[in-house]
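J.: Structure below; questions to follow.
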Amino acid sequence: MKVNGYEIKPFANLVGAKLEGANLEGADLQGANLRYTNLRGAILQGANLVGANLEGAILRDANLVGAILQGANLVGANLVDANLREANLWVANLQGAILRGANLQGANLEGANLEGAILRVANLRGANLENAYLVGADLQGANLRYTNLRGAILQGANLRGANLEGAKLQGANLWGANLEDANLEDANLRGAILQGADLQGANLWGADLEGANLEGANLEGANLWGANLEDANLEDANLQGADLQGAKLQGAILRSANVTGTILDKKEVLQDDKDLKIKELEEELKKYKDTLKALLDT
């Protein structure tokens with residue numbers, strides 16, 4: 001198969017080839033060398049690119065729907081506004097790739113390397129990013145609703161204003177990540193590392209943070225209404241003005257946390273950590289009274 005004079009076949013050497021707008025739907029380019037190739041606007045729907053080398057390739061506006069890119073090298077590739085819906089990028093290397101505005105809905109990125117990748121306003125709804133490496137990645141304003149990020153490493157990542165509603169983040173590493181104004185409603189963050197993370201103004205309504213490490217995290221003005229914070233570590237965390245109405249705090253560590261203006265219920269606004277200690281004592285006393293009453297009634 002020849003396109004624009006280039007032989008399209010497995011393991012083909014297409015370094016620097018000019019294939020802009022080419023129709024390569026379903027093409028077999030397994031193991032092909034496509035370094036710095038111009039594939040802007042190309043149709044690669046369902047193409048086999050397993051193990052292909054696409055380092056520095058231009059894939060802007062390309063159609064890669066359902067493409068197979070397992071183990072492909074996409075380091076520094078330009079995928080701005082590309083359509084990668086349902087694409088298979090298992091363990092692919094996308095380090096430093098530009099995926100701004102790309103559509104990755106339902107894509108498989110399990111174990112992929114996205115270190116330093118730019119994914120601003122990208123659509124990753126329902127994508128699989130389990131155990132993916134996203135250190136320093138830019139996901140500002142990205143759509144990550146119902147995305148699987150179990151065990152993903154997002155250390156220092158920018159998730160400002162990102163939509164993570166219902167996302168699975170169990171055991172994820174978000175140390176020092178920027179989650180300012182992010183939507184984490186009903187997200188599962190059990191056992192996640194959020195040490196030093198910025199969650200100022202974030203929406204964590206109904207989120208599950210059981211056993212999460214939030215030491216030194218900034219939760220100023222965050223919405224934690226009905227959140228599960230059982231056994232969570234909030235030592236030195238900033239909870240100033242945060243809304244914790246209906247939140248579960250059993251076993252949570254709040255040592256040296258800033259709780260000035262923190263809302264525990266509609267009628268109670270804490271002034272400082274002394275108020276929190278009093279509140280904890282009142283709760284323990286209530287439990288004791290309830291237990292004593294139950295014993296007397298038997």
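J.: Being of a type in the set (Asp, Glu), outside any loop (DSSP other than H, G, I, E, B) and under 22 Å from residue 90 (Cβ atoms) is the filter here, so list the residues in segment 1-60 that pass it.
T.: 28
J.: While we're on this one: Could you give me the residue pairs with C-beta distances under 8 Å whose first residue belongs to segment 1-29 and is under 17 Å from residue 40 (Cβ atoms), whose second residue is exposed (fewer than 15 other Cβ atoms within 10 Å of the Cβ) and among the polar types (S, T, N, Q) wherever it lies, and which are 6+ apart or on separate chains?
T.: Going by the 8 Å Cβ cut-off, the qualifying pairs are 3/23; 17/4; 18/4; 19/4; 22/4.
J.: So, in segment 125-150, how many residues would count as being touching a Lys or Arg at 6+ places or on another chain (Cβ under 9 Å), surrounded by fewer than 24 Cβ atoms within 10 Å (Cβ to Cβ) and part of a loop (DSSP other than H, G, I, E, B)?
T.: Residues meeting the conditions: 9.
J.: Another question, if that's okay. Does segment 158-169 contain any residue that is farther than 21 Å from residue 110 by Cβ, in contact with a Gly (Cβ under 9 Å, 6 or more places away or on another chain) and in a loop (DSSP other than H, G, I, E, B)?
T.: Taking every residue of segment 158-169 in turn, at least one turns out to be farther than 21 Å from residue 110 by Cβ, in contact with a Gly (Cβ under 9 Å, 6 or more places away or on another chain) and in a loop (DSSP other than H, G, I, E, B).
J.: Taking segment 65-88, which residues are among the β-branched types (Val, Ile, Thr) and outside any strand (DSSP E or B)? I'd like the intermediate steps shown before the answer.
T.: If we filter segment 65-88 for residues that are among the β-branched types (Val, Ile, Thr), which is where we start, we get 65, 68, 75, 80.
Listed by number, the residues that qualify are 65, 75, 80.
J.: Can you name every residue in segment 246-264 that is more than 21 Å from residue 216 (Cβ to Cβ) and either assigned to a loop (DSSP other than H, G, I, E, B) or more than 27 Å from the chain's Cα centre (by Cα) (or both)?
T.: Step one: of segment 246-264, the residues more than 21 Å from residue 216 (Cβ to Cβ) are 246, 248, 250, 263-264.
Once the filter is applied, which keeps residues that are more than 21 Å from residue 216 (Cβ to Cβ) and either assigned to a loop (DSSP other than H, G, I, E, B) or more than 27 Å from the chain's Cα centre (by Cα) (or both), segment 246-264 yields 246, 250, 263, 264.
The numbers here are math on the coordinates, done by the rules we state, and not lab data. As the structure is a prediction and not an experimental result, all values here were calculated from the model. Glycine also receives a Cβ, built like all others from the backbone with ideal geometry; neighbour counts cover every protein chain displayed.
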